[in-house]
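Undergrad: A single structure is presented below for examination.
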Amino acid sequence: MSHVSIRARLIFLSVLWLVILAVSSALLIRELMRHSQSLAEQARLVSIVRTATTASKHFGDLKYWLTDLAITQLASSQENAAAAKVRLDQDLKAIAAVPSEGVAAIGREVDTLTDLARRAGEAFSGDDSAEGNALLAQARSRILNIDDEIDTIVAQVEQQALAGRDASAREAERVVELSIMGGMVALALALGLTALVVRSITVPLKRLEGSMAAITRGELDVKIPPASAHEIGAMTKTLGMFARQPDRAGASGTRTAARRRRDPQRARRRRGGTARAEGGAGQSNPGRKDGIARPAHGGDRARDQEPA
């Protein structure tokens, strides 16, 4: 990770947290959708149970009015029986999706019951009480069969609803456990990577800070951390150049001071040489004054000693 820039590390860390958040949200949304579907299925089953209960009530109305119609042959009984059969048929259509065979059996039994009640009414109208009573007995057995079928349908649907409820509860518990475990694993992974990234940034910075503090105190020979390819490496290179700069400045200052010490000596030597040169010239031409050169006495003596 030391060869990766700090910007790339922070971007990676941010993307990691976003991915964890997105995955957690997606899993949570999926489980919520599944739970919502389960609740919808349970609501449908409860509605079927309610409809089956209503069908049982409507069938009670139908068997009452059919029996009354068979005995009394009243038009009102016939109308009420027909209305009760229509309502029962609607209920059977509503609950036909779950136990279709039972609903079909109920439909057939209702048609048979209606036919038996009609024939019993005809028998009573023809003063054939024995036939009418026999037909009514058959109708009563059909009524018992229909009641049993309706009760069976209600029990089946209720059992399915309870089983769906239990399955939903178990699924919810499983989802909670998986969510807790997955969240802990994801959190541990994210925190571990976060600590690693933060440490990879803070440790070099702390070393660099120590080197800067030492250089500020004048300890120019302090060990500077090795430069790397990221931003802290660039700061380390700059600090190294800053630490070497006083050595160059000191060497330049030493050379400058040496030159300054040598320059006065050279000037004094030049001034001393000039003075000696001027003194020697005065001794060799004593007659020179005001810019006019006069011959020396030694020269006259030399001329006097020349042979005649």
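The values are calculated or read from the model by the stated rules, or taken from the named source; none is laboratory data. Treat the numbers as computed from the prediction; the structure is a model and nothing was measured. So basically every Cβ, Gly included, is an ideal-geometry build from the backbone, and we count neighbours across all protein chains shown.
Undergrad: For the range 115-131, state whether one or more residues are part of a helix (DSSP H, G or I) and touching a Phe, Trp or Tyr at 6+ places or on another chain (Cβ under 7 Å).
TA: no
Undergrad: Considering only residues that are at pLDDT 80 or above and touching a helix residue (DSSP H, G or I) at 6+ places or on another chain (Cβ under 7 Å), look in the range 184-215 and name the one that is surrounded by the fewest Cβ atoms within 10 Å (Cβ to Cβ).
TA: The residue in question is T194.
Undergrad: Now a separate question. Determine if the range 60-72 includes at least one residue that is at pLDDT 80 or above, more than 16 Å from A139 (Cβ to Cβ) and in contact with a helix residue (DSSP H, G or I) (Cβ under 8 Å, 6 or more places away or on another chain).
TA: No: zero hits.
Undergrad: Check the range 79-87 and report whether any residue there is surrounded by 14 or more Cβ atoms within 10 Å (Cβ to Cβ), without any contact (Cβ under 8 Å) to a residue 12 or more places away in the chain and among the basic types (K, R).
TA: no
Undergrad: Identify, from the list L21, L16, L39, L45, the residue that is part of a helix (DSSP H, G or I), among the hydrophobic types (A, V, I, L, M, F, W, C) and within 30 Å of E109 (Cβ to Cβ).
TA: L45
The rows are residues; the columns are (1) crowded, with 18+ Cβ neighbours inside 10 Å; (2) more than 24 Å from L92 (Cβ to Cβ).
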{"residue": "A123", "(1), (2)": "yes, yes"}
{"residue": "D128", "(1), (2)": "no, yes"}
{"residue": "E131", "(1), (2)": "no, yes"}
{"residue": "L136", "(1), (2)": "yes, no"}
{"residue": "R142", "(1), (2)": "yes, no"}
{"residue": "D148", "(1), (2)": "no, no"}
{"residue": "D166", "(1), (2)": "no, yes"}
